[in-house]
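Take a look at the structure below.
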Amino acid sequence: MSTAVLTISSKNYSSWSLRGWLIARLSGLPFEEKIAPLDDPSTRAELLLLSPSFLVPCLAHDGLEIWDTLAMAEYLDETMPGCGLIPKERVARAHCRSICGEMHSGFANLRSALPMNLKAHYPNFKVWAGALGDVERIRTIWKEALAASKGPFLFGAAPTMADAMFAPVAARFTTYDVTLDPVCEAYRATIMAWPLMAEWVEAALAEPEELDELDVEF
């Protein structure tokens, strides 16, 4: 099996890079990490939500290139049997795929109103009305999954691709001081304390590059 290469962009700003990296790490597939520089025009366009498609993260493995995080998760679940990216039980698998698909294709207002910025913190931030519906929907997704699985992760005791997909949301809720009910707050805290997440955040805080358009005072 050839060495895999995962191309990502900024660890501070790129929510999709975080998702892809967590999925790859959860799979157990060894990979080399390649960073796309912030001064690359396509990288900046993706981070600023100005690109019609997202080509990072991109996993190169065995002659394939996979740049969609859901496709990456499905490929790695097949390539690394037993890695646990997707729940084994039929109903849980369907539920997991459904909420991952919803996260993948939706929540545009949340993305634009609360861009990921792990170095920042905005206490008492007021979430504008357009994003409140997204926040409430995410609360519902989390509570329904946790009620069925008993937690602490969305589908039980171990993290799955669903936790990787929603990890940037937990980071956004932390950055912008979003008020949560006790169940959702406990899940947010679980994600932020997750060793893989802590590793990513540590690297993000040490990242020297900055994107002026996202380093603004709200």
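The values are calculated or read from the model by the stated rules, or taken from the named source; none is laboratory data. As the structure is a prediction and not an experimental result, all values here were calculated from the model. Every residue, glycine among them, receives a Cβ derived from its backbone with ideal geometry; neighbour counts consider all protein chains shown.
Here are a few things to note about the model shown:
- Condition met for PHE173 (within 16 Å of ARG188 (Cα to Cα) and touching a residue at least 12 places away in the same chain (Cβ under 8 Å)): yes
- Number of positions in the range 70-100 that are surrounded by fewer than 19 Cβ atoms within 10 Å (Cβ to Cβ), of a type in the set (Gly, Ala, Ser) and closer than 22 Å to ALA60 by Cα: 3
- Residue list for the range 72-94, filter: more than 21 Å from LEU55 (Cα to Cα) and among the aliphatic types (A, V, I, L, M): MET80, LEU85, ILE86, VAL91, ALA92, ALA94
- From PRO123, PRO57, residue being within 16 Å of the chain's Cα centre (by Cα) and either surrounded by fewer than 20 Cβ atoms within 10 Å (Cβ to Cβ) or under 25 Å from LEU29 (Cβ atoms) (or both): PRO57
- Residues (of a type outside the set (Asp, Glu) and surrounded by 14 or more Cβ atoms within 10 Å (Cβ to Cβ)) located in the range 101-111: MET103, HIS104, PHE107, ASN109, LEU110, ARG111
- Filter pass, GLU46 being modelled with pLDDT of 95 or more and of a type outside the set (Lys, Arg): no
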